């Protein structure tokens, strides 16, 4: 292939793919960096001949070479097309990256419709369990306890690609030289502390019947910019998962294991406690209350949304022991 275009809505995912692709073409960092020429999209817009010059340049170090054009836009299509027209097998490979390039745009059309080049479009689907397992192996984390594996699969659904990759790097360092399998305590301790953890605290307060904790936790989430609708959606998702776990004919543990995507860490523990203590009809009442709350919040109009949500969550926490 003469060249590869990598694009997607998530800039972090595009950057991660670019690192993997360049490494596959010229090898890991070190001397290989001397065989990599970087060009910014703005530079190529000013002088389109830069790409062809870089592709044709003779390197001082033996081995395959790559010309990387970053932050590309559709306006670069003529310059890149001209460079590919003049490309020969002795030249460097061309790697082009750009976030959010549309299917009807000039760059996607160039790389998707031309022979000898390829376009890779990355979608925002989170990694599957199999992909998470492969990423762990690549990070040198071979043995993982089931609870830790489930927690990592759940984190892969909520974290950005960069944050999840950083977590794997920390886990790799933590496990360096250890003969013990990775456990859930380590995953919980090393995972990024974000608003998701605050939501877990709020959900645990509701399902544990800690009515006094609801308002302070809602206030903390509001200070982080999380609105009533987003919190309600998370709570509804949690109670639907709780209903599934509590209704599993194989018992609570079988219900937890059947959840997709998998749930780990504090949220899994909160689900287990709630499934063992809440009556099924109370869980169904909670789901109905949250559905009605979601509709009320989205309809707009009357009353302060945050106060309305707090009252519903407090009533649910109070009803736990009824």
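The table for this structure:
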quantity: Radius ratio Rg over Rh of the chain, counting only Cα atoms, Kirkwood formula for Rh; calculated: 1.10
quantity: Zone residues, region 146-167, relative to residue 190, backbone N less than 13 Å from point 7 Å out along Cα-to-Cβ; calculated: 148-149, 152, 164-167
quantity: Over region 3-122 - Rg/Rh using Cα atoms and the Kirkwood inverse-distance radius; calculated: 0.93
quantity: Computed [θ] at 222 nm, helices only, for the chain once each DSSP H run of length n ≥ 4 contributes -39500 (n - 2.57); calculated: -18000 deg cm²/dmol
quantity: Computed lengthening from residue 115 to residue 49, 0.36 nm per intervening residue step minus Cα-Cα distance; calculated: 21.6 nm
quantity: Sites residue 308 and residue 279 - FRET efficiency at Förster radius 22 Å, r taken between beta-carbons, to 0.05; calculated: 0.30
quantity: Overall Cα dimensions of region 76-145 - principal axes, largest extent first, Å; calculated: 53, 31, 17
quantity: Region 1-68-region 83-156 distance, computed between alpha-carbon centres (Å); calculated: 15 Å
quantity: Cα-projected label distance for residue 40 with residue 295, points at 7 Å along beta-carbon direction, nm; calculated: 5.3 nm
quantity: 93, 56, 104 arranged by Cβ crowding within 10 Å, fewest neighbours leading; calculated: 104, 56, 93
quantity: Alpha-carbon radius of gyration plus Dmax, which is the widest Cα pair, for region 129-197 in Å; calculated: 10.9, 33
quantity: Computed log₁₀ I(q)/I(0) - Debye formula, equal Cα scatterers, no solvent, region 195-319, q 0.14, 0.19, 0.22, 0.23 Å⁻¹; calculated: -0.56, -1.01, -1.32, -1.42
quantity: Diffusion constant of region 109-265 at 10 °C, which comes from Stokes-Einstein with the Kirkwood Cα-pair radius and 1.306 mPa s, µm²/s; calculated: 89 µm²/s
quantity: Normalised convex hull volume, region 229-300, alpha-carbon set, Å³ per residue; calculated: 81 Å³
quantity: Over the chain, relative contact order from alpha-carbon pairs under 8 Å, at least 6 apart, %; calculated: 17 percent
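None of the figures in this text is laboratory data; all of them are computed from the coordinates on show. It should be emphasised that the depicted structure is a prediction, and the values quoted were computed from it without experimental measurement. Ideal geometry is used to build each Cβ from the backbone, glycine not excepted, and the neighbour counts take in all protein chains shown.
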